[in-house]
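Here the structure comes first, spelled out in structure tokens, and everything after it is commentary.
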Amino acid sequence: MTAVRLAAVDVGASSGRVMLARVGPGTLELTEAHRFRNDPVRVAGTLHWDVLALYRGVLEGLRAAGPVAGLGIDTWAVDYGLLDATGALLGNPVHYRDGRTEGVGDRVAKQLGPARLYATTGLQHLPFNTLYQLVAAAGTPQLEAAHRLLLIPDLIAYWLTGVIGAEVTNASTTQLYDLRRRTWATDLMADAGIRGEMFPPLREPGTRIGPVLPTLDLPGTPEVVAVGSHDTASAVVGVPAVGEHFAYISCGTWSLVGVELDAPVLTEASRRANFTNESGVDGTFRYLRNVMGLWPLQESLRTWGTTDLPALLRQAAEQPAFRSVVDPDDPTFLPPGDLPARIAETCRRTGEPVPEHPAATVRCILDSLALAHRRAVQQAQQLSGRHVDAVHVVGGGARNDLLCQLTADTCGLPVLAGPVEATALGNALVQARTLGVIGGGLAELRSVLRGTQQIVRYEPRPDATAWRAAARRLGWAD
């Protein structure tokens, strides 16, 4: 079969894009058709996503891409839009970084029991999980009027096709999905005061959702395919690994660090380590830990008003290693704002040397992130029993030579960096298989990646003693 043209819609926390993929047996090419900003908006003290602007960006991108045989949509997790009985949107979705969930997670855990929450959903405790957002919204007019709840990729798919559903890789991030029964956790919802009837039927990645509505006047009549609609699920498909003994780091605003398993890990040790089990493509499970990722670096660049990241990285590489380290997952770093000032204050509070200039701050961020990668890779192996021979870094972080080398050094394992566009590639590969363009399981899809995409290898440098000492300063013993 000859190659076909497909559109991968990939919307992240800071920008969205429509990528045009050409896929066939032994062929996988990707070009950017359109990119658009994703700027949150604060209204009356609440931080919202401008979801209508995002939808407009998607439509503009699909028109720029031209005729395609299919399209798939992936976005970030946990956030949702509410529809009334006519299918109309009840206001802009609230951003997961909004402060409305502060303290809610602890209250819900006391009510429902942390062991029960983990045994049912397998999710790590994160303050912005959909469960906590809905409890925080209890009694609001919008939630009271809601007929349906759609996660962001499902909302965009609904506007494109008129078909309502919930794709499971993203549903599994809500803390409202029963991981073992593979259904919505309706008993948990009821006990939390959440109406289960709001939640739509579930669909697996690889499901054909339907053709785009003719009223949208898009080129051709592409079929919308349910891909791994949580962007990390698509990114893990896009990991060019051989076999099963690998760890992945999908590194962007967040670093999702983990291993791919055939069954979830629901032990008490796993819960206490705050590891998460999320559904993946082809019945797999993404066993991982959410690490803050490049968010502190992104916000620092915004605070400094600079876009010359390459120059800062060169200067950071010349700074003393692990002079200052912080825990990237400190809640202090979660909200937007002046991250360099917060990093300095955290260093003062913990007795670390305060970074004196931007290059030192960048080195602090990257040393600290590499240490967090090391910790998560080690824990993933220990808790899952899955030995790891290499670490694959995909996403925007694969461009960061310093971070990739530091991650290899801290983990004591080779790092294979790339592809940068793993999410869009994984999105396109699942579409292509659904449409009959290529066949096989994940191993065959990843073989296409290895044959077509550039991968850079970083070997670890022998400084394990120094890294262990730096980890101990954060209280992270081996």
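Data overview
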item: Conditions (1) at pLDDT 95 or above; (2) surrounded by fewer than 20 Cβ atoms within 10 Å (Cβ to Cβ): number failed by TRP476; result: (1)
item: Those residues of segment 53-65 which are in contact (Cβ under 8 Å) with a residue 60 or more places away in the chain and either open to solvent by 30 Å² or more (accessible area, probe 1.4 Å) or over 17 Å from LEU425 (Cβ atoms) (or both), in sequence order; result: LEU54, TYR55, VAL58, LEU59, LEU62, ARG63
item: Odd one out for GLY293 among (1) in contact with a strand residue (DSSP E or B) (Cβ under 6 Å, 6 or more places away or on another chain); (2) on the phi < 0 side of the Ramachandran plot; result: (2)
item: Subset tally (residues that are of a type in the set (A, V, I, L, M), outside any helix (DSSP H, G or I) and either touching a strand residue (DSSP E or B) at 6+ places or on another chain (Cβ under 6 Å) or closer than 26 Å to ASN274 by Cβ (or both)) for segment 319-341; result: 3
item: Any hit, segment 168-179, residues being more than 23 Å from the chain's Cα centre (by Cα) and of a type outside the set (A, V, I, L, M, F, W, C); result: no
item: Within segment 66-124, tally of residues that are of a type in the set (A, V, I, L, M), open to solvent by less than 30 Å² (accessible area, probe 1.4 Å) and part of a strand (DSSP E or B); result: 5
item: Some residue of segment 191-201 being open to solvent by 30 Å² or more (accessible area, probe 1.4 Å), under 30 Å from GLY61 (Cα atoms), not polar (S, T, N, Q) and not in a loop (DSSP other than H, G, I, E, B); result: no
item: Residue within segment 327-336 that is open to solvent by 40 Å² or more (accessible area, probe 1.4 Å), acidic (Asp, Glu), at pLDDT 95 or above and under 22 Å from TYR96 (Cα atoms) present; result: yes
item: Hits in segment 447-473 - residues which are open to solvent by less than 60 Å² (accessible area, probe 1.4 Å) and either closer than 16 Å to LEU371 by Cα or more than 28 Å from the chain's Cα centre (by Cα) (or both); result: PRO460, ASP463, ALA464, ALA466, TRP467, ALA469, ALA470, ALA471
item: Count - residues of segment 69-102 that are under 17 Å from ALA157 (Cβ atoms), over 25 Å from the mean Cα position of the chain (by Cα) and hydrophobic (A, V, I, L, M, F, W, C); result: 2
item: Residue that is most open to solvent (accessible area, probe 1.4 Å), among those in segment 134-163 that are touching a residue at least 12 places away in the same chain (Cβ under 8 Å), of a type in the set (Val, Ile, Thr) and over 18 Å from HIS230 (Cβ atoms); result: VAL163
item: Residue in segment 35-52 that is in contact (Cβ under 8 Å) with a residue 12 or more places away in the chain, in a helix (DSSP H, G or I) and open to solvent by 60 Å² or more (accessible area, probe 1.4 Å) present; result: yes
item: Set ALA376, ALA359, ALA316, ALA344: member being more than 12 Å from SER300 (Cβ to Cβ), of a type in the set (Gly, Ala, Ser) and in a helix (DSSP H, G or I); result: ALA376
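One line per residue, one yes/no per condition, for (1) of a type outside the set (Ser, Thr, Tyr); (2) crowded, with 23+ Cβ neighbours inside 10 Å; (3) at pLDDT 95 or above; (4) farther than 25 Å from VAL242 by Cα:
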| residue | (1), (2), (3), (4) |
| --- | --- |
| TRP304 | yes, no, yes, yes |
| THR307 | no, no, no, yes |
| ALA321 | yes, no, no, yes |
| PRO340 | yes, no, yes, yes |
| THR346 | no, no, yes, yes |
| PRO355 | yes, no, yes, yes |
| ALA370 | yes, yes, yes, no |
| ARG374 | yes, yes, yes, no |
| ALA408 | yes, yes, yes, no |
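Let's see how each residue does on (1) within 29 Å of ASN92 (Cβ to Cβ); (2) more than 17 Å from the chain's Cα centre (by Cα); (3) of a type in the set (Lys, Arg):
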position: GLY12; (1), (2), (3): yes, no, no
position: MET19; (1), (2), (3): yes, yes, no
position: ARG35; (1), (2), (3): yes, yes, yes
position: VAL41; (1), (2), (3): yes, yes, no
position: ASP50; (1), (2), (3): yes, yes, no
position: ARG56; (1), (2), (3): yes, yes, yes
position: PRO67; (1), (2), (3): no, yes, no
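The values are calculated or read from the model by the stated rules, or taken from the named source; none is laboratory data. Being a predicted model, the structure only gives us computed values, none of them experimental. Because the Cβ atoms are built from the backbone with ideal geometry, glycine has one as well, and the counts that use them run over all protein chains shown. Surface areas here come from the heavy atoms of the whole protein model, side chains and all, with no ligands, DNA or RNA. Shrake-Rupley method; radii C 1.70, N 1.55, O 1.52, S 1.80 Å.
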